[in-house]
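Participant: Can you keep this structure in mind? I'll have questions shortly.
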Amino acid sequence: RLAIHWFRRDLRILDNTALHFASIQAGSVLPLYILSDWKKEHHWTGPKRQSFLCGNLASLAGNLETVGGKLVIRCGAADAELEKLVKESGADAIFFNRDPDPFGRAMEAKVETMARKLGIHCEGFHDITLHPAGEVLTQDARPYRVFTPYSRNWLTLEKPAPLPKPRDLASPKEIPSLPLPDHSHWKLPDPQAQIIEAGERAALERLKKATSGIIQDYKLKRDLPGEPGTSRLSQDLRFGLLSPRTIYARAAKAQAETRSSKAKEGIDTFIKELAWREFYMAILWHFPNVLEEEFNPEWRGLWWAEPDELFEAWKEGRTGFPIVDAGMRELLATGHMHNRVRMITAMFLTKDLHIDWRLGEQFFLQHLVDGEIASNNGGWQWSAGTGADAAPYFRIQNPWSQAKRYDPDGRYTKKWVPELRDVPAEKLYEAPKDARPLNKAYPLPCVDHREERDRTLAIFKKHKERT
Ligand code: FAD
């Protein structure tokens, strides 16, 4: 029996559910990745993430060889490419891991129809989260709308264990393949970005580092962007370089091995973040309309300002708010931004510049290496005050006091806004009083935070009265 394993957001050989079952159930496995055939600029992706994908595919091809696998690359619509490959190779089964987003689900449905038509076995597995969306429900079997009760339930559920390494895949060697893609495949400019190392091995190294100290100190340091205080595993989860089972198992092992209550608390907090990821995936699963409209119906139809030069200033990191500009420049340079700063920049766009969260959501997806539609949408709607969240819209973070609290010595800000390197840290936490720029190469704040905060409150209040 020959089975095709259709790789999607699971670019690893270890602890991969569909690959594991394909290797058990078929004598021979044909590993396949289908490249998207979009050629022009894409609203929801960009060169940094695509370049990380290229690195991951190269690494996957090498890793597969160690278990007798030969990766085949094709390009086009998944159902059509799979149909062609089934006919070419004589495969009688397709295995894949399910994708929770509406686009992935729509493609799976097409593939399943095609397989039925050809009369071959086609099996999708749950792999992307520890618990599928339908497993974490309220007592009356409804989806949760708020994180805290969701996480309470999620934490009580028994966690699935990692799976063993796949058996020898004995892939056919003669199936033609496109070359591994590089940047030219999508005709995108080389971003020259400082992107985190791709591939399963690099991801496993990051996991080792994270569980050897970072997650133990996580509660104390995770909000400090100037410290290496978070795991940096988000892109690995996004591309499936690591499985959530493996991450959870390593965190649980670290938890069992420590006697320090501080470290135990740190690891508990880290595990809760994994639940946030699964919460947003569950929200998207149950409420796919969040990609278009506000999760909270109360805020649909809210007024947003036309995107103008202030939006451009935000995108380029020249708003005159040092912490905001540092975050945006980190994003542009590396495709990553610290979580605390994602919240600050997202709230700044929506609450200080009054620009629609959908525009920020799109910009982040074009630049983030870990860009993932469920978490990104969740993060944006949370920041805009329209999301699955108990926090009321009138809790508006002040970018100046956030900077003072979370980047007290200005280390993060100065790293990404080098014009401010010689400015004393305390000057980074308040608008210049004398209206003189902090440095002649650095702009004055583009708005007055207090005025814009009042304006936001008025906008929300007016909307509430009107509806
Ligand atoms: P850690 O702090 O070490 O957390 C461990 C893991 O938990 C992360 O890798 C991630 O998978 C998950 N996680 C942590 N925080 C969150 C959260 N708030 N929501 C969902 N999952 C979380 N995360 C993405 O993976 N992709 C995105 O596109 C994305 N967009 C965001 C947009 C906004 C506006 C905001 C506020 C947050 C967004 N996040 C997104 C969540 C979070 O910022 C990143 O997951 C985190 O910064 C990644 O760094 P880390 O791996 O070091 O995280």
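Participant: Return the pair list, or none, for Cβ contacts closer than 6 Å from residues in the stretch 217-237 that are outside the structural domain of Arg259 (by TED's automatic domain parsing) and part of a loop (DSSP other than H, G, I, E, B) to residues that are within 8 Å of the ligand (Cβ to nearest atom) and among the small types (Gly, Ala, Ser), at least 6 apart or on different chains.
Facilitator: Matching pairs, first to second residue: none at all.
Participant: Related question: Could you look through the stretch 276-307, keep only residues that are away from the ligand (no atom under 16 Å from the Cβ) and among the charged types (D, E, K, R), and pick out the one that is nearest to Pro392 (Cα to Cα)?
Facilitator: So the residue we want is Glu298.
Participant: Could you please give the count of residues in the stretch 156-211 that are part of a helix (DSSP H, G or I) and modelled with pLDDT of 95 or more?
Facilitator: Total meeting the criteria: 13.
Participant: Does any residue of the stretch 443-457 turn out to be more than 30 Å from Glu278 (Cβ to Cβ), among the basic types (Lys, Arg), part of a loop (DSSP other than H, G, I, E, B) and over 30 Å from the mean Cα position of the chain (by Cα)?
Facilitator: There is no residue in the stretch 443-457 that is more than 30 Å from Glu278 (Cβ to Cβ), among the basic types (Lys, Arg), part of a loop (DSSP other than H, G, I, E, B) and over 30 Å from the mean Cα position of the chain (by Cα).
Participant: Go through the stretch 1-44 residue by residue and tally those that are within 21 Å of Pro172 (Cβ to Cβ) and part of a helix (DSSP H, G or I).
Facilitator: The number of residues fulfilling the criteria is 8.
Participant: Being within 22 Å of the chain's Cα centre (by Cα), charged (D, E, K, R) and within 13 Å of the ligand (Cβ to nearest atom), is that true of even one residue in the stretch 308-315?
Facilitator: no
Participant: Going through the stretch 309-352 one residue at a time, which ones are in a loop (DSSP other than H, G, I, E, B) and over 19 Å from Glu372 (Cβ atoms)?
Facilitator: Of everything in the stretch 309-352, those that are in a loop (DSSP other than H, G, I, E, B) and over 19 Å from Glu372 (Cβ atoms) turn out to be Gly317, Arg318, Thr319, Gly320, Phe321.
Participant: Something else about it: Within the stretch 246-266, can you find the residues that are free of Cβ contacts under 8 Å to residues at least 24 places away in the same chain and surrounded by 15 or more Cβ atoms within 10 Å (Cβ to Cβ)?
Facilitator: Gln255, Lys264, listed by residue number.
Participant: If you go through the stretch 354-373 one residue at a time, how many are more than 8 Å from the ligand (Cβ to nearest atom) and out of contact with any strand residue (DSSP E or B) (no Cβ under 7 Å at 6 or more places or on another chain)?
Facilitator: Here the count works out to 9.
Participant: Determine whether the stretch 40-48 contains at least one residue that is among the hydroxyl-bearing types (Ser, Thr, Tyr), surrounded by 17 or more Cβ atoms within 10 Å (Cβ to Cβ) and farther than 20 Å from Ala374 by Cα.
Facilitator: There is no residue in the stretch 40-48 that is among the hydroxyl-bearing types (Ser, Thr, Tyr), surrounded by 17 or more Cβ atoms within 10 Å (Cβ to Cβ) and farther than 20 Å from Ala374 by Cα.
Participant: Also: Kindly indicate whether any position in the stretch 267-282 is buried (at least 17 other Cβ atoms within 10 Å of the Cβ), over 28 Å from Pro228 (Cα atoms) and out of contact with any Cys (no Cβ under 6 Å at 6 or more places or on another chain).
Facilitator: yes
Participant: Quick check on this structure: which one of Ala61, Ala106 is among the aliphatic types (A, V, I, L, M), within 27 Å of Gln362 (Cα to Cα) and part of a helix (DSSP H, G or I)?
Facilitator: Sole residue among the options that is among the aliphatic types (A, V, I, L, M), within 27 Å of Gln362 (Cα to Cα) and part of a helix (DSSP H, G or I): Ala106.
Participant: Quick check on my filter: what residues within the stretch 379-403 are more than 14 Å from the ligand (Cβ to nearest atom), of a type in the set (S, T, N, Q) and part of a helix (DSSP H, G or I)?
Facilitator: Ser401
Participant: Consider Leu242 carefully, then state whether it is in a loop (DSSP other than H, G, I, E, B) and closer than 20 Å to Trp154 by Cβ.
Facilitator: Yes, satisfied.
The values are calculated or read from the model by the stated rules, or taken from the named source; none is laboratory data. Note that the coordinates shown come from a computational prediction; the quantities given were computed from them, not determined experimentally. Positions of Cβ are backbone-derived with ideal geometry, glycine not excepted, and every protein chain shown enters the neighbour counts.
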